[in-house]
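Here's the structure, in structure tokens; my notes come after.
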Amino acid sequence: MSEEALYVGCDVGSSRTKVAVIDAAGRLRGLAVRKSGTDFAATADGCLTEALAMAGGEPGRIARAVSTGYGRMNVRYAQDQRTEIGCHAGGCYHAFPRAITVIDIGGQDNKVIKLDAAGRRTGFKMNRKCAAGTGAFLEEMAARLDIPLERMNAMAERSADMVRLGSFCTVFSATEVLEHIRHGKKIEDIVKGVFYSMIKRIVEMDSLTAEVVMTGGVVAHNPYLVRMMEELIGRPVLVPPHPQFTGAIGAALYARSGFRES
Amino acid sequence: MSEEKKAPRKKLAAAADINRFMRDYYLELDAAARAGSPKIAWCTSVGPAEILRALGFLVYFPETHSAMLGATRMATDLIPEANAIGYSPDICSYLTADIGAFLRGVTPLQKAFGIQSIPRPDVLVYNTNQCRDVQDWFVWYGEKFNAPVLGVHTYRGVDEVTDRHIVSIAKQLEALIPPLEKVAGRRFEMEDLRRAVDLSRQCSELWKQILDTAAARPSPITFFDGTTLMGPAVVGRGTPQAVEVYRKLLEELEERIRRREGAVDEERFRIYWDGMPVWGRLSAHAQLFAALHANVLASTYCNSWIFSALDPNDPITSMARAYTELFIVRSDEAKEEYIRRMLSFFQVDGIIYHDAKTCPNNSNCRYGMPQRLEKETGIPSLIINGDLNDLRLISDEQTKTNVEAFIEQLEERRK
Ligand code: SF4
């Protein structure tokens, strides 16, 4: 183990905190994820310890750390902050260095970010205050259907006759779901309908360019969303190796000196 | 890029004069309301104030009062009062906050100037050139106070302002005069109107010069300053006092330019703001941009009180033109042409559109305008969702992240 410098990115999201550790060559060395909870600073510390252990490094080797996400101001060891929009863009461009549209499905918001071939952002959109299409929406629907969140992906995959949810609003969608339950629809068909409504909310946020990359914890745990997106837009969708960690990796790349030089 | 870094905001000395102007303005109205003389007319912010001044009315503008409800963050609690009597939370939150305040019997004038209530109108005069909500708003008060309500009904989506528009609006303006004479208890004299229009024009010219100082690098003024400095341009047009305070303000800004003193430390990004301000977040937004070395220096909103067409030699016709030429009355083509001119005049790096939930009339980002302008000019844009007065419609965290990410984007373009 050489004593080379390490760079840390910490993404404190509304639901999960993620830490990525990279080396000077941009290689991923350590990862950790925990529930953000209510003490963001402590969670960020815990994630760092875990990710450093995986990297086999000492805290003394950290050359620089950048934080991002909702709780970015609470990370004690970060020297700088970047927005999650910049970091998700950076993390995805690192994996796919060409003109791309990044779709990030987060716990409480979605982002659509466009990058040119040089990795410069040409525009971005965040969804509005509404939870429709976000991880929070999925959680709400899982609760309504009384099924564990982690089983949703497998259930959606099994569906042969998806139900359509027409509404924009989480509360209205919940009512629609109840209607379908009342009419005896199969749960897996309803779950697929919930997935479909999520990706519909996203494609209406902005136009998509040729190459689309999907990231975020929701995508990591529900890969079927990617398949459905591919069907909807009629072309393949790229997913980086660690979709839940794209923001943290992007932050670590910023800590190193930016992602466009990589 | 931390928003926690506090950037000191530089105060303009003339701001104190403007505060005094506003205090005197409201105290005069209050005294008149209590004495029953002079007569008081309520007017919409881009309504025919000059005719009212020519007839000796003191003129009160409910929108400015409602902006105060917003700026003092009283509005959000008051809006539900109006919702409860049938005014939807989706309509103008100036209207709902103002009516809510009246129903609750409160006013920000109390804390600011020791004034107990808004001045009772003898007549209310609107122009729908900005929106229909003002008509509903004035009609409600007209009934409450048993006072006559008069109005000018405008054209909408005007592409090119033609003689046909002008003749029709001028006729409507003339038609206001006989009923107003009756309320005023005096005859209308054209000479008085010429004088009022002349003063209004002077005020407008000075206000334009003040806003145009933002073309300097660095800009000596921000949009957020503008939203409070514009008081006299709205409530004082047609008065000599407004002209006086603006002369002083202009001198101060010109002095700042000579000294190359920017309103924001180390101005790096120059931003244009389209749409209403978020009144309850003026200083928070000013701080947010200043910390990023970005100056929001020009806006459609502050420019809306520039009435270059006013001409004392032809008062009525020129009023008809000035109040129809306004941005808010125009077609998207005319609006885009206007914004393009502003972007190049102020050398803007990026545009922010405020999509105000309760004011579609001032939210110009709903029909593809940002995309069209961005394609034509190459200047990036950002839409932020919010509202003028209803803070329940705002997510500060989202606004902050969006703005910071936008400035990051502008920064990347320079590399
Ligand atoms: S223009 Fe908008 S803010 Fe102004 S009165 Fe009309 S609806 Fe209200």
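Determine whether the range B:257-266 contains at least one residue that is in a helix (DSSP H, G or I) and surrounded by fewer than 20 Cβ atoms within 10 Å (Cβ to Cβ).
Checking the range B:257-266: at least one residue is in a helix (DSSP H, G or I) and surrounded by fewer than 20 Cβ atoms within 10 Å (Cβ to Cβ).
Only residues that are more than 12 Å from chain B (Cβ to nearest Cβ), in contact with a strand residue (DSSP E or B) (Cβ under 6 Å, 6 or more places away or on another chain) and either surrounded by fewer than 22 Cβ atoms within 10 Å (Cβ to Cβ) or not hydrophobic (A, V, I, L, M, F, W, C) (or both) were counted in the range A:80-95, giving 0.
Could you pull out the residue among B:341, B:270 that is crowded, with 18+ Cβ neighbours inside 10 Å and either of a type in the set (D, E, K, R) or out of contact with any helix residue (DSSP H, G or I) (no Cβ under 7 Å at 6 or more places or on another chain) (or both)? Outline the logic, then answer.
On the way: B:341 fails: crowded, with 18+ Cβ neighbours inside 10 Å.
Going through B:341, B:270 in turn, just one is crowded, with 18+ Cβ neighbours inside 10 Å and either of a type in the set (D, E, K, R) or out of contact with any helix residue (DSSP H, G or I) (no Cβ under 7 Å at 6 or more places or on another chain) (or both): B:270.
So, in the range B:92-127, how many residues would count as being aliphatic (A, V, I, L, M), touching a residue at least 60 places away in the same chain (Cβ under 8 Å) and open to solvent by less than 10 Å² (accessible area, probe 1.4 Å)? So the answer is 6.
Each row is one residue, and each column tells you yes or no for (1) assigned to a helix (DSSP H, G or I); (2) free of Cβ contacts under 8 Å to residues at least 12 places away in the same chain; (3) farther than 25 Å from residue B:205 by Cα.
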| site | (1), (2), (3) |
| --- | --- |
| B:249 | yes, no, no |
| B:276 | no, no, no |
| B:280 | yes, no, yes |
| B:287 | yes, no, yes |
| B:302 | yes, no, no |
| B:305 | no, no, no |
| B:319 | yes, no, no |
| B:334 | yes, no, no |
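Filtered by the rule that a residue be in contact (Cβ under 8 Å) with a residue 40 or more places away in the chain and open to solvent by 40 Å² or more (accessible area, probe 1.4 Å), the range A:96-117 gives A:97, A:98, A:99, A:108. If the condition is being open to solvent by 60 Å² or more (accessible area, probe 1.4 Å) and within 15 Å of the ligand (Cβ to nearest atom), then the range B:82-91 contributes B:89, B:90.
Of all residues in the range A:82-141, those satisfying the criterion of being modelled with pLDDT under 90 and of a type in the set (Gly, Ala, Ser) are A:106, A:107, A:131, A:132, A:133, A:135, A:136. Before we move on, is residue A:205 assigned to a loop (DSSP other than H, G, I, E, B) and either open to solvent by less than 70 Å² (accessible area, probe 1.4 Å) or closer than 30 Å to residue A:77 by Cβ (or both)? It is true that residue A:205 is assigned to a loop (DSSP other than H, G, I, E, B) and either open to solvent by less than 70 Å² (accessible area, probe 1.4 Å) or closer than 30 Å to residue A:77 by Cβ (or both). Would you point out the residue of the range B:364-397, among those that are touching a Ser or Thr at 6+ places or on another chain (Cβ under 8 Å), within 16 Å of the ligand (Cβ to nearest atom) and aliphatic (A, V, I, L, M), that is least open to solvent (accessible area, probe 1.4 Å)? Filtering the range B:364-397 for residues that are touching a Ser or Thr at 6+ places or on another chain (Cβ under 8 Å), within 16 Å of the ligand (Cβ to nearest atom) and aliphatic (A, V, I, L, M), the one least open to solvent (accessible area, probe 1.4 Å) comes out as B:388. Residue check: residue B:361 meets all listed conditions (1) within 12 Å of chain A (Cβ to nearest Cβ); (2) over 23 Å from residue B:214 (Cα atoms); (3) open to solvent by 10 Å² or more (accessible area, probe 1.4 Å) but one, namely (1).
Scan the helices (runs of 4 or more DSSP H) fully inside the range A:126-197 and keep the ones with 1 or more residues being loosely packed, with under 15 Cβ neighbours inside 10 Å, hydrophobic (A, V, I, L, M, F, W, C) and in contact with a Phe, Trp or Tyr (Cβ under 9 Å, 6 or more places away or on another chain). Working first, answer last.
Numbers: elements: A:135-145, A:152-158, A:170-182.
Here the list reads A:152-158.
When residue B:401 is tested against (1) among the polar types (S, T, N, Q); (2) more than 26 Å from residue B:291 (Cβ to Cβ); (3) away from the ligand (no atom under 16 Å from the Cβ), exactly one condition is not met: (2). Which one is nearest to the chain's Cα centre (by Cα), of the residues in the range B:378-390 that are aliphatic (A, V, I, L, M) and within 9 Å of chain A (Cβ to nearest Cβ)? Top of the filtered list is B:383.
Just one of B:410, B:393 is touching an Asp or Glu at 6+ places or on another chain (Cβ under 9 Å), at the interface with chain A (Cβ under 10 Å from one of its Cβ atoms) and modelled with pLDDT under 95; which is it?
B:393
Residues of the range B:162-176 that are aliphatic (A, V, I, L, M) and open to solvent by 20 Å² or more (accessible area, probe 1.4 Å): B:167, B:175. Scanning the range B:307-317 for residues that are open to solvent by 10 Å² or more (accessible area, probe 1.4 Å) and not in a helix (DSSP H, G or I) yields B:308, B:309, B:311, B:312, B:313, B:314.
Taking the criterion of being assigned to a loop (DSSP other than H, G, I, E, B) and touching a residue at least 12 places away in the same chain (Cβ under 8 Å), the residues of the range B:128-144 that qualify are B:128, B:129, B:130, B:131.
Report the residue count in the range B:134-148 for those that are surrounded by fewer than 23 Cβ atoms within 10 Å (Cβ to Cβ) and either within 13 Å of the ligand (Cβ to nearest atom) or aromatic (Phe, Trp, Tyr) (or both). Break it down into steps so the answer makes sense when it comes.
The first filter runs over the range B:134-148 and keeps only residues surrounded by fewer than 23 Cβ atoms within 10 Å (Cβ to Cβ), leaving B:135-136, B:139-148.
Going one step further and asking which of them are either within 13 Å of the ligand (Cβ to nearest atom) or aromatic (Phe, Trp, Tyr) (or both), we end up with B:135-136, B:140-141, B:145.
Final tally of qualifying residues: 5.
The values are calculated or read from the model by the stated rules, or taken from the named source; none is laboratory data. Remember, predicted model here, so these are calculated numbers, not experimental data. Every residue, glycine as well, gets a Cβ built from its backbone with ideal geometry; the counts of neighbours run over all protein chains shown. Heavy atoms of the whole protein, side chains included, go into the accessibility calculation; ligands, DNA and RNA do not. Shrake-Rupley method; radii C 1.70, N 1.55, O 1.52, S 1.80 Å.
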